[in-house]
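Structure record follows, encoded as structure tokens.
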Amino acid sequence: MIDTLRLSAEQATALVARGDVSAAELHRAYIDAIALRDPELHAYLTVCEEHDGGTGIPIALKDVISTKGIRTTAGSKILEGYRPVYDATVTERVRAAGMSLLGKTNTDEFAMGSSTENSAYGPTRNPWDPSRVPGGSGGGSAAAVAAGLAPWALGSDTGGSVKQPSALCGNVGLRPTYGTVSRYGIIAFASSLDQVGPVARNVRDCALLYSIIAGRDERDSTTVDVPAAVSLPEGDSLKGLRIGVPREMNSEEGVDPGVTAAVRTAIEQARALGAEVGECSLPKSVEYGMACYYLIAPAEASSNLARFDGVRYGFRADADDLTALYGRTRDQGFGDEPKRRIMLGTYALSAGYYDAYYGQAQKVRTLIRREHAEVFQKFDLIVSPTSPTIAFRFGEKAANPLAMYLSDIFTIPSCMAGLPGLSIPCGLSEGMPVGLQLIGPQFAENTLFRAGHALEQALAFDVVPGRLR
Ligand code: GLN
């Protein structure tokens with residue numbers, strides 16, 4: 001019996017390499033686990049039951065990642081039944097590494113949301129407590145990995161969609177430096193922010209998956225080659241590492257006391273492992289980050305989503321003429337959140353308001369970038385809670401977009417600055433996982449892996465959800 005709940009990707013790879021199980025048997029074990037638990041969790045929108053001939057271990061992909069011939073909906077009705085005619089670059093890369101595809105995971109519609117409640121196909125439940133959300137938008141990938149329904153997965157992160165669900169489900173999630181992973185074949189939300197990242201059960205797995213997907217891709221002109229080879233982290237010393245604790249992200253204001261307590265313990269642990277811990281400040285990033293994000297991301301989204309018109313992909317409404325076809329398809333095909341963002345974005349970009357909103361937000365984005373650069377003159381990385389709360393209950397924030405948006409208050413600033421961020425589980429509050437966010441300067445993924453791995457060893461968090469042990 002293969003216990004998918006306890007198997008890391010590294011262990012699974014070793015099992016297949018040694019010939020203890022075949023790639024097809026391993027794939028089957030995950031499909032069985034999906035059959036057992038996914039009816040309750042709904043982490044998957046599409047399951048690929050048949051083994052596709054991959055020679056290695058399996059993977060799950062968020063449903064914004066194009067997979068040739070396999071349904072890809074981005075959680076939207078407007079892409080109902082859409083089958084891409086090509087693979088995204090990251091899909092090609094995981095396949096080239098031998099991985100078989102387990103399926104496509106649930107997401108808030110067009111990756112807009114923090115709970116999966118915006119998915120047109122119904123929400124995913126948190127494996128730690130099914131009355132709670134798994135986070136979002138990549139809640140499907142996070143729930144799948146946490147519940148042993150995939151050894152690892154890929155998500156996409158615009159303002160926190162890899163880090164936040166990873167935190168809420170007790171996984172390790174990386175948002176890579178902008179430009180290190182190709183966006184070719186990713187259904188675009190906000191192109192200056194979107195970045196694909198791994199969701200895993202531990203930091204070494206996360207680093208390994210990152211090394212497989214990262215690197216220059218001619219088909220995405222924003223990509224670069226990763227300057228330093230990815231090193232799989234070992235050891236438990238943080239000697240010499242300077243860790244900054246941004247005051248505004250570690251105050252008690254607006255943060256669950258249980259989250260604050262777990263993060264403080266992790267920071268003490270870092271000190272005990274030899275890190276030099278000091279206070280720093282990111283005042284503008286925290287104060288203006290959200291407002292800035294909610295101008296820039298919707299502006300880009302309004303432009304990216306213009307391509308969904310019922311003519312070329314997915315859902316098409318009945319209509320007698322072309323204008324009515326466009327209008328009705330978009331009215332019936334998009335849910336409330338994409339519509340809200342299209343309206344916000346279109347407004348921010350309109351001639352009379354461009355300077356006041358979009359132009360201004362771009363300037364604030366530069367300030368956020370500079371503020372981070374300044375902090376990284378003195379520190380190798382900074383830490384904060386990934387999310388101010390543990391996983392919330394269904395419905396708790398769904399009726400109030402602003403409350404939902406605040407879920408990403410700590411993940412958004414570094415996304416705006418293009419910086420890499422890692423979330424690792426650092427403890428429990430009310431029996432639910434708490435995530436610790438580590439942010440580094442551009443291309444500092446190896447530092448994040450090293451620190452994350454050392455802390456992971458010291459904190460000894462059990463990633464198997466309590467109720468499934
Ligand atoms: N929750 C944020 C939003 O709704 C971030 C989503 C994401 O990173 N894709 O925009």
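A few notes on this one:
- Inter-residue pairs, beta-carbon under 7 Å, first hydroxyl-bearing (Ser, Thr, Tyr) and in segment 440-469, second surrounded by 19 or more Cβ atoms within 10 Å (Cβ to Cβ) and at pLDDT 95 or above, 6+ apart: Thr447/Asp380; Thr447/Leu381; Thr447/Gly440
- Restricting the first member to segment 157-168 and to residues that are of a type in the set (Ser, Thr, Tyr), and the second to residues that are near the ligand (Cβ under 9 Å from one of its atoms) and assigned to a loop (DSSP other than H, G, I, E, B), the beta-carbon pairs closer than 7 Å and six or more apart or on different chains are Thr158/Phe189; Thr158/Ala190; Thr158/Leu193; Thr158/Asp194; Ser161/Gly136; Ser161/Ser137; Ser161/Gly138.
- In the condition set (1) away from the ligand (no atom under 11 Å from the Cβ); (2) closer than 22 Å to Glu396 by Cβ; (3) part of a loop (DSSP other than H, G, I, E, B), Ala167 is compliant with all but (3).
- Per-region count, segment 235-253, residues surrounded by 11 or more Cβ atoms within 10 Å (Cβ to Cβ), assigned to a loop (DSSP other than H, G, I, E, B) and either touching an Asp or Glu at 6+ places or on another chain (Cβ under 6 Å) or at pLDDT below 95 (or both): 6
- Boolean, Asp331 is within 15 Å of the ligand (Cβ to nearest atom), surrounded by fewer than 16 Cβ atoms within 10 Å (Cβ to Cβ) and not aromatic (Phe, Trp, Tyr): no
For every residue, the table says whether it meets (1) over 26 Å from the mean Cα position of the chain (by Cα); (2) over 30 Å from Glu456 (Cα atoms).
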residue	(1), (2)
Thr260	no, no
Leu282	no, no
Glu287	no, yes
Cys292	no, yes
Leu295	no, yes
Val311	yes, yes
Gly314	no, yes
Ala317	yes, yes
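- Per the listing Ser429, Ser423, the residue uniquely surrounded by 24 or more Cβ atoms within 10 Å (Cβ to Cβ) and among the hydroxyl-bearing types (Ser, Thr, Tyr) is Ser423.
- Of the candidates Leu367, Leu402, Leu455, Leu419, the single residue that is within 18 Å of Gly113 (Cα to Cα) and not in a strand (DSSP E or B) is Leu402.
- Residue within segment 76-99 that is in contact with a helix residue (DSSP H, G or I) (Cβ under 7 Å, 6 or more places away or on another chain), closer than 12 Å to Leu61 by Cα and buried (at least 24 other Cβ atoms within 10 Å of the Cβ) present: yes
- In segment 50-73, residue farthest from the chain's Cα centre (by Cα) [restricted to those that are in a loop (DSSP other than H, G, I, E, B) and of a type in the set (Gly, Ala, Ser)]: Gly53
- Considering the conditions (1) out of contact with any Pro (no Cβ under 9 Å at 6 or more places or on another chain); (2) hydrophobic (A, V, I, L, M, F, W, C); (3) at pLDDT 95 or above, Ala228 is excluded by exactly one of them, (3).
- Segment 338-355, residues that are part of a helix (DSSP H, G or I), without any contact (Cβ under 8 Å) to a residue 60 or more places away in the chain and either among the aliphatic types (A, V, I, L, M) or within 16 Å of the ligand (Cβ to nearest atom) (or both): Lys339, Ile342, Met343, Leu344, Gly345, Ala348, Leu349
- Residue count for segment 45-101, restricted to those that are in contact with a strand residue (DSSP E or B) (Cβ under 6 Å, 6 or more places away or on another chain) and free of Cβ contacts under 8 Å to residues at least 40 places away in the same chain: 1
- Some residue of segment 140-149 being within 16 Å of the ligand (Cβ to nearest atom), of a type outside the set (Ser, Thr, Tyr), part of a strand (DSSP E or B) and at negative phi: no
The values are calculated or read from the model by the stated rules, or taken from the named source; none is laboratory data. Note that the structure is predicted; figures quoted are calculated from it, not measured. With ideal geometry, Cβ positions are generated from the backbone for all residues, glycine too; neighbour counts draw on all protein chains shown.
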